[in-house]
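> Mind having a look at this structure? Questions to follow.
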């Protein structure tokens, strides 16, 4: 068996293949980079293990939580502190309001401290507008919000929140893929966005009870999951080798790997393809051309994480982080470079202490220029942003810049149709399955779910042939 791609989706697939096929199966993971883990990367920053890619997983979804437990890492799971987070919008810093769905208000009161009087009037009047009718179609999040609420809700709330997840813009993201609960409520006949958001709100916790945690991470860093998955999968790992061709033969598959100067072939019974959209498009062009064409529709965003280790005693705000609306500027008119800051030593109790850890996120879809700066310039710009937001001027004792080129797929309008086209086309090819962040979510649990499903499909094909 071959798994092409050594990110969390591919490694989850390799692990599940081992569980399903047993110790005798030969499983090979081929990764063109020089390391495994994809967007899970734990670096040493200021002498401490610190995540410079994904920093947490959604604890309310079961996949990551259950996998961590299965791998024997349950005792390392930690949750964020109760420090609030904030948004910088229209030149002011405001707490992220509760009782919203990714910033879409469930009531006027929820956003009273964030919007202008004119903006509040637009929200208050929204239920009086003609009912929303999607009729099974999709719509841009930004376009829908602007039509119903005016510009402030998408610009001050939803845009920064979606930008933190997808490194994208609300106007370019589709409602059905990014806010499925809202789309479901609208499909059911709820004609107002306010009412639709209200139907998605979880029930308030019972008195004297502790709310269930929303997010989790590992005290030793998320690369611990990568390391344990590699052990559990017991796969042969081939690093630094691109897969140049995927060839379907009568009873098996052949992968052409390596460079033209040093080509290799790998013959296997089944393939899990867990790679970004551009690579999947190329590899599937001849085998599943309909899937290849759908992959070609998925755009990607690039970003960078600037990790700062600040001297002991540096005072951070009593917040877990700050999101920045697009177009925010310093007092002197200089635009902010960062789109978000995480005050990690405030957000995570296990990262409190010395040195003080902060990470700035840089880059939105289509914003190419900012990521063309060299590392030194990025660090300087992020430090300037941090000083403007918090007053912190201390020089870092260590910095690490991690660039994620094409790291985040954009879930545009009609993305679910794109995914359906991919999966339907691949389903017609025996012994092949796809996984990854392109499909059903960019978060860790969603990626694990695609890896598990792909492994189950390929294992069923192989076991059926054996029988």
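> How many residues are under 22 Å from residue 389 (Cα atoms), touching a helix residue (DSSP H, G or I) at 6+ places or on another chain (Cβ under 8 Å) and part of a loop (DSSP other than H, G, I, E, B) when one looks only at the range 58-97?
Number of matching residues: 6.
> Right, here's the next one. Scan the range 422-440 for residues that are touching a strand residue (DSSP E or B) at 6+ places or on another chain (Cβ under 9 Å) and more than 14 Å from residue 275 (Cα to Cα) and report the count.
Number of matching residues: 6.
> Right, here's the next one. With respect to the numbered conditions (1) within 24 Å of the chain's Cα centre (by Cα); (2) over 13 Å from residue 6 (Cα atoms), which one is the sole condition not fulfilled by residue 265?
With (1) within 24 Å of the chain's Cα centre (by Cα); (2) over 13 Å from residue 6 (Cα atoms) applied to residue 265, the lone miss is (1).
> Within the range 75-92, can you find the residues that are at pLDDT below 95 and surrounded by fewer than 15 Cβ atoms within 10 Å (Cβ to Cβ)?
82, 84, 91, 92
> Also, quick follow-up: May I ask you to verify whether residue 147 is within 18 Å of residue 174 (Cα to Cα) and either over 24 Å from the mean Cα position of the chain (by Cα) or not assigned by TED's automatic domain parsing to the domain that holds residue 172 (or both)?
yes
> Right, another one. Which residues, counting only those in the range 442-463, are in contact with a strand residue (DSSP E or B) (Cβ under 9 Å, 6 or more places away or on another chain), more than 21 Å from residue 269 (Cβ to Cβ) and surrounded by fewer than 24 Cβ atoms within 10 Å (Cβ to Cβ)? Give the derivation first.
Applying the first criterion (in contact with a strand residue (DSSP E or B) (Cβ under 9 Å, 6 or more places away or on another chain)) to the range 442-463 yields 442-448, 450-451, 453-458, 461.
Remaining after also requiring more than 21 Å from residue 269 (Cβ to Cβ): 442-448.
Residues satisfying the conditions are 442, 443, 445, 446.
> Just one of the numbered conditions (1) crowded, with 19+ Cβ neighbours inside 10 Å; (2) not assigned by TED's automatic domain parsing to the domain that holds residue 227; (3) not in a helix (DSSP H, G or I) is not true of residue 110; which one?
With (1) crowded, with 19+ Cβ neighbours inside 10 Å; (2) not assigned by TED's automatic domain parsing to the domain that holds residue 227; (3) not in a helix (DSSP H, G or I) applied to residue 110, the lone miss is (3).
> A further question on this structure: Which count do you get for residues in the range 237-264 that are under 30 Å from residue 68 (Cβ atoms) and surrounded by 13 or more Cβ atoms within 10 Å (Cβ to Cβ)? Don't jump to the end; show me each part of the working.
So in the range 237-264, the residues under 30 Å from residue 68 (Cβ atoms) come out as 237-241, 243.
Filter again for surrounded by 13 or more Cβ atoms within 10 Å (Cβ to Cβ), leaving 237-239, 241, 243.
Final tally of qualifying residues: 5.
> What is the residue count in the range 193-212 for residues that are at pLDDT 70 or above and either surrounded by 10 or more Cβ atoms within 10 Å (Cβ to Cβ) or within 30 Å of residue 149 (Cβ to Cβ) (or both)?
12
> If you don't mind, there's one more thing I want to ask. Where in the range 156-240 are the helices (runs of 4 or more DSSP H), entirely inside, with at least 1 residues that are free of Cβ contacts under 8 Å to residues at least 24 places away in the same chain and either touching a helix residue (DSSP H, G or I) at 6+ places or on another chain (Cβ under 8 Å) or closer than 30 Å to residue 91 by Cβ (or both)?
Output list reads 180-187, 193-200.
> When you go through (1) in a helix (DSSP H, G or I); (2) within 28 Å of residue 140 (Cα to Cα); (3) out of contact with any helix residue (DSSP H, G or I) (no Cβ under 8 Å at 6 or more places or on another chain) one by one for residue 404, which number turns out not to apply?
For residue 404, the exception is condition (1).
> Could you check how many residues of the range 414-439 are surrounded by fewer than 21 Cβ atoms within 10 Å (Cβ to Cβ) and within 18 Å of the chain's Cα centre (by Cα)?
2
> Just wondering, is there one or more residues in the range 49-66 that are buried (at least 16 other Cβ atoms within 10 Å of the Cβ), closer than 14 Å to residue 351 by Cα and over 15 Å from the mean Cα position of the chain (by Cα)?
First pass over the range 49-66, keeping only residues buried (at least 16 other Cβ atoms within 10 Å of the Cβ): 49-59, 61, 63-65.
Filter once more, so that each one left must be closer than 14 Å to residue 351 by Cα: 49-52, 55-56.
With the extra rule that they be over 15 Å from the mean Cα position of the chain (by Cα), the set shrinks to 49-50.
Yes, that holds for at least one residue.
> Could you check, for the range 206-221, whether at least one of its residues is assigned by TED's automatic domain parsing to the domain that holds residue 285, at positive phi and over 22 Å from the mean Cα position of the chain (by Cα)?
Within the range 206-221, none of the residues are assigned by TED's automatic domain parsing to the domain that holds residue 285, at positive phi and over 22 Å from the mean Cα position of the chain (by Cα).
> Sticking with this structure for a sec: Can you give me the ranges of the helices (runs of 4 or more DSSP H) entirely in the range 265-366 with at least 1 residues that are surrounded by fewer than 16 Cβ atoms within 10 Å (Cβ to Cβ), in contact with a helix residue (DSSP H, G or I) (Cβ under 7 Å, 6 or more places away or on another chain) and assigned by TED's automatic domain parsing to the domain that holds residue 381?
In the range 265-366, no matching helices (runs of 4 or more DSSP H) lie anywhere.
The values are calculated or read from the model by the stated rules, or taken from the named source; none is laboratory data. Worth saying up front: this structure is predicted, and the values here are computed from it rather than measured. Cβ sites come from the backbone with ideal geometry, for glycine too, and all protein chains shown count toward neighbours.
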